Structure formats: structure tokens, C-alpha cells
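K.L.:
First the structure, which I've put down as C-alpha cells, then a few questions once you've had a look.
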Amino acid sequence: MTNNSSSESSSAQPLGFWSLKLRVGLALQAQSVAPGGHKEEVQFLAAVDLKGLMLGPYRSGEKIALTSGSEYNIQGFTGQYDFSFNAKVIQTFDKPFAYALLEYPDIVSARLVRRAMRMKTSFPARVAPAGQSEPVGVTLIDVSHCGAMVHSPVPLGAFGDVLNLALSIDFEGDFVNLSIPSAICHSRKSDHDDGTNVGLAFKPNSKDDKLMLYFLAQSSHGV
């Protein structure tokens, strides 16, 4: 259980890249700084001797979409820091696996996000990713009144995508069905299986939904 006090997010500040302590498989967005540049979803692979970064395609088997010599704005969320930085692609590779080698960013722009108390849980739910009609069955593995981590058998989208999280809560003997708009804050491959752990920030539409999320977080205590 993570026990962080709830408060407003801080403003962005310069931070050493190494302080982010990125985990292998963390989903990132890379957008070309050139006018009209497209966003690409990538994953963090490694930092090479403080001289470069290895980024790979988020889905295995795909080619790296970044272009040698081009500069990109990289954005991501660690669960503690919302961060971004610019870096140029030094070279791309297809073997022994697909990846791009980028310049190492000594300093990044990072915003410390102070999270509410997170409770470990195991709670079934369904997620409807944007543009998909069929919901995906997921499991909440931790939850607070403002967000949750869900385990999904498949990727749910890219950083910043908004999806609907549907769940049924037993409130004093009556089941209350909730459908909560939620934004993807970060995602990474599970350490235990082929699934994905996805961090969500709740965007409830009503005061009643907010109250039910408080109830869910409190009722998960001790699970």
C-alpha cells in the first residue's frame, strides 16, 4: 500500500533525468517538433551509460516509427512525475531488435504529482477504450478516490487517452453501477504475465460519482 498525502500538483521544475528512475516498458509519447509532427507511442528500454536513451515500439513486432536525425518531444508519467524533454534521434536499428537511440537528456521538465492514498485491492471492472465498442475486462489492483491502477490483458491506449471505466459497487447491500471517464496516465507491461498495468486518473461527471469513489477507496482498506 502506498501512503501519500493528497494535495495539488506542483508546477513543472527542472529535474535530472536519472531521478525519474524509469522502468523498462514504461509507455511514452514521442512527437516530432517539426510542424505537423505526429505522435508515436513508444516504450523506454534503457539509458546507455548516461550517453543515450533506447526507445522501442510499444507493441512487440512493430518497427520503430522515429526517424534518424529528427528531434522529438518525449512525454510520460512515472506514477510520481509527469515529465517531458526534447531529444534528437542519433540512429535507429532493426537488429537484434527494433529501437531508436536518442541523445541523453541531462535535465527534464518534471511536475511532481502528489497522489492520494492508494489502497491495494482486487476488484473486477470493465474498460471501454476510445473507438472500441466491446469493453475489456480488467482488474483494479490499487485504487484511490482520484485514480486507480488496472491490470488489463491487452493495451488500453496511449498516454492521455480518455476511456470509460465501468464497475459495480456494493453500497450497504445495494449495487451501484458507475461509468467513470478516466485518462491514461501511464502504462507498462506486467511483471507477472503478458498483460499491461495501466494507471488511470478519474474524471467523474457528478458529485455522486465522486462520493462513490471515496467509498470504494475507503472500503478497499485492508484488502
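K.L.:
What does the charge count around Leu165 come to, taking other residues whose C-beta lies under 13 Å from its C-beta (Lys +1, Arg +1, Asp -1, Glu -1)?
P.N.:
Numbers: positive: Arg126, Lys203; negative: Asp161, Asp209.
That works out to 0.
K.L.:
Given the rule -39500 (n - 2.57) for each run of at least 4 DSSP H residues, summed and divided by the residues of the chain, what is its mean residue ellipticity at 222 nm, to the nearest 500 deg cm²/dmol?
P.N.:
Rounded to the nearest 500, the figure is -2000 deg cm²/dmol.
K.L.:
Which residue fluctuates most in the GNM of the chain (Cα springs below 10 Å): Gly137, Gly52, Gly16?
P.N.:
Gly16
K.L.:
While we're on this one: Where does the charge balance sit around Val108 when Lys and Arg score +1, Asp and Glu -1, over other residues with C-beta under 14 Å from its C-beta?
P.N.:
Here the charged neighbours net out to -1.
K.L.:
Between Lys51 and Gln13, what's the calculated FRET efficiency when r is the beta-carbon distance and R0 is 25 Å? Round to 0.05.
P.N.:
0.55
K.L.:
Taking the Cα-to-Cβ direction at Ile169 and at Ile90 and moving 7 Å from each Cα, how far apart do the two end points lie in nm?
P.N.:
The two pseudo-label positions are separated by 4.9 nm.
K.L.:
What FRET efficiency, computed as 1/(1 + (r/R0)^6) with R0 = 25 Å and r the Cβ-Cβ distance, is obtained for Glu134 and Asp193, rounded to the nearest 0.05?
P.N.:
0.75
K.L.:
Sequence-distant or interchain residues sharing an amide H contact under 5 Å with Asp161, placed H: which?
P.N.:
It is Ile184, by chain and number.
K.L.:
Anyone know which of His186, His145, His38 comes out most mobile in the 10 Å Cα GNM of the chain?
P.N.:
Result: His38 has the largest fluctuation of those listed.
K.L.:
Which angle between 0 and 90 degrees, to the nearest 10, do you get for helix 207-219 versus the longest principal axis of the chain when only C-alpha atoms count?
P.N.:
90 degrees
K.L.:
Then there is this: Run through every distinct alpha carbon pair of the range 119-219 and return the Kirkwood hydrodynamic radius in angstroms, one decimal place.
P.N.:
Kirkwood radius, the range 119-219: 13.5 Å.
K.L.:
If you don't mind, there's one more thing I want to ask. In nm, to one decimal, how far is the modelled label at Asn205 from the one at Glu71, with both set 7 Å along Cα→Cβ?
P.N.:
Label at Asn205, label at Glu71, 4.2 nm between them.
K.L.:
For Val48, Val127, Val42, what ranking results if the residue with the fewest other Cβ atoms within 10 Å of its Cβ goes first?
P.N.:
So the residues, fewest neighbours to most, are Val48, Val127, Val42.
K.L.:
Follow-up question, since we're still on this one. Just round it to a whole percent: the fraction of Cα-Cα distances in the chain exceeding 29 Å.
P.N.:
Taking all Cα-Cα pairs of the chain, the fraction more than 29 Å apart is 30 percent.
K.L.:
If you find the alpha carbon centre of the range 135-180 and of the range 23-54, how far apart are they in angstrom?
P.N.:
Taking the Cα centre of each part, the range 135-180 and the range 23-54 sit 27 Å apart.
Values in this text are rule-based calculations from the coordinates and carry no lab data. None of the values given here were measured: they were computed from a predicted structure. We place every Cβ from the backbone using ideal geometry, glycine too, and count neighbours over all the protein chains shown.
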